[in-house]
Amino acid sequence: MANTDAAKEARKAAELLDVDATEARKRVSAMSGDSQLDRAERAERELGKGRRTVLEAIERRRDRA
């Protein structure tokens, strides 16, 4: 099934790569759950630009979750 939770999380993580850092941080703040944040972090580090501000937002969100 194409719309499993894992597929939705992967799509949201990939979408972070297509927006500027400000928008990416906003989207990260709407994320919940370790798996979703892990996917976002992995995407940013491995496929994205490794934007420090986005990675910090992911860590802050993880601390709150």
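The values are calculated or read from the model by the stated rules, or taken from the named source; none is laboratory data. Source: prediction; values computed, not measured. FYI the Cβ positions are ideal-geometry reconstructions off the backbone, even for glycines, and counts take in every protein chain you see.
So which of Asp34, Asp63, Asp38 ends up being surrounded by 14 or more Cβ atoms within 10 Å (Cβ to Cβ) and of a type in the set (Asp, Glu)?
Values: Asp34 fails: surrounded by 14 or more Cβ atoms within 10 Å (Cβ to Cβ); Asp63 fails: surrounded by 14 or more Cβ atoms within 10 Å (Cβ to Cβ).
So the residue among Asp34, Asp63, Asp38 that is surrounded by 14 or more Cβ atoms within 10 Å (Cβ to Cβ) and of a type in the set (Asp, Glu) is Asp38.
Tell me which of these Asp5 doesn't satisfy, since it passes every other one: (1) surrounded by 11 or more Cβ atoms within 10 Å (Cβ to Cβ); (2) at negative phi; (3) more than 9 Å from the chain's Cα centre (by Cα).
(1)
Could you please find all residues in region 46-60 being closer than 19 Å to Ala6 by Cα and not β-branched (Val, Ile, Thr)? Explain how you work it out, then say what you get.
First, pick out the residues of region 46-60 that are closer than 19 Å to Ala6 by Cα: 46-47, 58.
Selection gives Glu46, Leu47.
Where in region 14-65 are there helices (runs of 4 or more DSSP H), lying fully within it, with 1 or more residues that are modelled with pLDDT of 95 or more, more than 8 Å from the chain's Cα centre (by Cα) and among the small types (Gly, Ala, Ser)? Spell out how you get there, then give the answer.
On the way: elements: 21-29, 34-46, 52-64.
By residue number, 21-29, 52-64.
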